[in-house]
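Structure first, then comments.
Values in this text are rule-based calculations from the coordinates and carry no lab data. As the structure is a computational prediction, the values presented were derived from the model and not from experiment. When we count neighbours, we look across all protein chains shown, and the Cβ atoms used for this are built from the backbone with ideal geometry, even at glycine.
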Amino acid sequence: MRFRGGPKGKLKGALIKMLKKWLAGMFQPELDSLKAEYEQKLTAQNLEHERSLQAAQAETDRLCQELELLAPLKEQITRLEAEALQLRQQLESQANSQTADQQQQSILQAELDSLRAQLVSEAAARQAAEQQAGELETRRQHEIQALQAQIAERAASIEALEAEKTRMMLRSQLNPISAPTAQQPDSAAAAVATVVAPALEQNDGLIRPPVRSRKKVLIVDDAATTRILQKNMLESAGYEVVMGNDGQQGQSLLAEHLPDLVITDIEMPRMNGFELTTWIKQSAYREVPVLMVTSHSDDSFQQKGLSAGADGFVEKKSFNQKTFLEIIQHYV
């Protein structure tokens, strides 16, 4: 505070100055000590701060050096990250592709299972059809066998009747006592009239068929159906027919009936067609024509038949009544 005006004010001002000097003189050492202590602390702080700055600068320099050393690594890391990203994308694409493949595979597997089930069903149906067809075939074979047995039985009966008829005719021809009289029926006379002249053995030692109004044909075949078929065709054309089951029976029937023609099958039991033909052509009956009926069209069978002495052949594959009768007419 500053005093103005008058001696009193001046006095107060002088007193204040004196007080300041006295106070300054009394506290000066402490002030100087505090100042020196403050300056010392400030200097120490400045030194510490400077050391800190130097350490920080050194650390900064070290980090900068490390950063410079890590720069290639950073570039490599960046490149690796890019490659990793690309690889991840490829893996994701492959995973998507595998998922699609799995889905497609599942679809194909389902289709395959469906086809397999369909095949199993078709196989079962086919097996059932085959079983049914087998049963039908077995039934048909049984029916055919029964029919063949009936035909064979009837053929045997017919053969027996015809053999008895022939024996009666020969007995009537050779025995005058059994010749037909005026009192005998016309049917018996007609039966005897079928033989006009007996077989003759000429000076050459050959036995030839007699002259007949109806030509006689001997059929030798082990198949009853074939015998009956040929017999019906020949009888419809006016021929007289005698039938045998195999070559040995054919020998007996040939000697007994002296036919104008022999028709023989090739494959027969006891004596086949080749053996029968050879026997005929080496016997006194060798002038009797022999036709061989065969299902084989190759030349080896025909050559073997010709070697045996066969006069001709009839192939079963081209077998029909017109052709068959034309061949028969050529030889009788």
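Going from the fewest other Cβ atoms within 10 Å to the most, the residues 266, 219, 207 appear in the order 207, 266, 219. Distance check, please: which entries in 216/281; 215/304; 281/304; 231/322 exceed 21 angstrom between their Cα atoms? With Cα atoms farther than 21 Å apart: 215/304.
The distance separating the Cα centre of region 280-303 from that of region 21-63 comes to 152 Å. Among 326, 240, sorting on how many other beta-carbon atoms sit within 10 Å of each Cβ, with the fewest leading, yields 326, 240. Exposure proxy ranking for 257, 296, based on other Cβ atoms within 10 angstrom of each Cβ and starting from the fewest, stands as 296, 257.
Taking every DSSP beta bridge that has both ends in region 197-331, the antiparallel portion is near 10%. Only lysines eight or more places from residue 17 in sequence, or on another chain, were considered; those with a Cα closer than 29 Å are 8, 35.
With Cα atoms as the point set, the radius of gyration and Dmax of region 197-331 evaluate to 14.0, 42 Å. The lysines whose alpha-carbon is closer than 30 Å to the alpha-carbon of residue 12, local same-chain residues fewer than 8 away aside, are 20, 21. When the Cα positions of 72, 42, 58 are compared along the charge dipole of region 29-148, 72 comes out farthest toward the positive end, with charges on each C-beta of Lys, Arg, Asp and Glu.
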